[in-house]
1. For the chain, what does the relative contact order come out to in percent, with C-alpha contacts under 8 Å and a separation of six or more?
2. Label 7 Å along Cα→Cβ of residue 170; region 114-130 residues with amide nitrogen under 18 Å?
3. Between residue 90 and residue 125, what is the label-to-label distance in nm when each label sits 7 Å out along the Cα-to-Cβ direction?
4. Give, in whole angstrom and from largest to smallest, the semi-axes √(5λ) of the equivalent ellipsoid of the chain, with λ running over the eigenvalues of the Cα gyration tensor.
5. Determine which residues of region 79-115 fall in the zone a paramagnetic label at residue 151 would reach in this model, i.e. backbone nitrogen under 15 Å from the point 7 Å along Cα→Cβ.
6. How far, in nm, would the chain grow between residue 255 and residue 214 when pulled straight, counting 0.36 nm per residue and subtracting the alpha carbon separation?
7. Quick check: the angle from helix 131-157's long axis to the longest principal axis of the chain, C-alpha only, nearest 10 degrees?
8. Full-extension gain between residue 225 and residue 158, please, as 0.36 nm times their residue separation minus the C-alpha to C-alpha distance.
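Each reported figure results from applying straightforward, stated rules to the coordinates on display, with no laboratory input. Given the structure is predicted, the values throughout are model-derived calculations rather than measurements. Positions of Cβ are backbone-derived with ideal geometry, glycine not excepted, and every protein chain shown enters the neighbour counts.
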């Protein structure tokens, strides 16, 4: 039951979208970005602002544990250029990104998610023509999804809908040029424990998104022509805003490179996920690595 594949009408649920922000922020807890305020939304990791030609990182793909059968749960490590506010406060788009998604889903979660996903589709279509309305619709989609997902999760907890609440998980490699929908590499597989390397490059005329599975020895690359420069760079684990995160093994990004320099060489902005069951913030930067757990 691959409900949320690239061929599904619900594919945008799998899309790693622009940073959807909640109204909150927190100070980094413990070691995690302890001296800076962390913006909360649907991304956890670090953002760098400037003009860039390359961002890359390596990670071991996590093992996930599905915990809330009434909601769609996802953990998506990825690397990208653009997708959030640049140094001038303007939204940098298109977001060019590639990574691997692990997702937990049941039929109950699909039914609950559908109205919110329809609002997300409308928001994506209005990204350029009506950005303010797009933002309003994106916020509404998260509220609708959270409310219906919570209700579905409550019904699943009663044990009355065993078949509809049975959760399965899948893992898909993908790339995306948001606000266009994602594209999935259906001819390859990725399993927990596989070593992944993601690279996004811009040469002034085109973006190239390269995803490597160094455990299974496959590489997929996609090139998109664009005259729009790269004004932000991201190393991210993504979830769904206001939804529950699944359990997952720690994700450590290593060998992080932005224009030939380690992440520690750049001024960074920390972002965290405001999930329904926890707040996920990035750990401290150690030269070219950091951990989310």
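1. Details: 785 pairs, mean separation 93.1, N = 293.
Dividing the mean separation by the residue count of the chain yields 32 percent.
2. Only 114, 117 pass the distance filter.
3. According to this spin-label approximation, the distance is 2.6 nm.
4. Values: eigenvalues 153, 83, 79 Å².
Taking √(5λ) for each Cα gyration eigenvalue gives 28, 20, 20 Å.
5. Of the residues in region 79-115, 108-115 have backbone N under 15 Å from the label point off residue 151.
6. Values: separation 41, 0.36 × 41 = 14.76 nm, distance 1.38 nm.
That works out to 13.4 nm of additional length.
7. That works out to roughly 40 degrees.
8. Numbers: separation 67, 0.36 × 67 = 24.12 nm, distance 5.11 nm.
In short, 19.0 nm is gained.
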